[in-house]
């Protein structure tokens, strides 16, 4: 039996229930909480999207170094930005997802047995030497596929080992592009409110149906941003995704749509940063 909400019953409810301000309410749209990004959702590819600050790929720089998600967060991962994350050898940090020691050891065994295959594929198919990267299996368990440490090392997260092999190769190539081709950028994140421009129809469809689940409010959240980075940060991301699109020509329609979105997304953020950063 439904009860009618009266003024007195509503007042009683306010005394016992948590009251969120507007920013907190907006942060709650979309899923689960993780550090300063607010709440996130994960699409069918394992990519993570935040309702606040940033969506995406590439790596962000904090006091401790680089971190991100080549799995998409973050990322070829895509990365976070709060500085809450700890690094290999440090504490677990906020937002980390602990993995068991047995799972970590299993991931190490899988990587040791498969890395030569990835190295050979990248060398034969793309003339890329992945072996020059310092690749480490991460014991931390962050919600990412991979991330770049403060000394340029590439950490593979537990999520990486759940990806299909072709996607794993894309992650590795994406990180290689960042390490070998990125131009330097100012790590300062500025609180600047901006809105992405109206996207082309196919990009709008991806944002609405894949990222926003058909929800108009979530769509608007994905279009609005409260921070901006150095324009070169976004251009580095565009370059890495353009490289993926150039090299990986046999993508599924879903994967191709994701790449098109990311290239558009970071290109438009670069344009906004040129104007406002």
Could you grab me the full set of residues in region 151-167 that are crowded, with 21+ Cβ neighbours inside 10 Å, modelled with pLDDT of 95 or more and touching a helix residue (DSSP H, G or I) at 6+ places or on another chain (Cβ under 7 Å)? 154, 156, 160
If you scan region 134-150, which residues turn out to be outside any strand (DSSP E or B) and in contact with a helix residue (DSSP H, G or I) (Cβ under 6 Å, 6 or more places away or on another chain)? 139, 141, 145
Any residue at all in region 223-234 that is modelled with pLDDT of 95 or more, in a helix (DSSP H, G or I), in contact with a strand residue (DSSP E or B) (Cβ under 8 Å, 6 or more places away or on another chain) and surrounded by fewer than 20 Cβ atoms within 10 Å (Cβ to Cβ)? yes
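Quickly run through region 194-204 and pick out the residues that are touching a helix residue (DSSP H, G or I) at 6+ places or on another chain (Cβ under 8 Å) and in a helix (DSSP H, G or I). Walk me through how you get there before you give the answer.
Of the residues in region 194-204, the ones touching a helix residue (DSSP H, G or I) at 6+ places or on another chain (Cβ under 8 Å) are 194-200, 202-203.
Result: 202, 203.
The values are calculated or read from the model by the stated rules, or taken from the named source; none is laboratory data. Values in this document were obtained by computation on a predicted structure and should not be read as measured data. Positions of Cβ are backbone-derived with ideal geometry, glycine not excepted, and every protein chain shown enters the neighbour counts.
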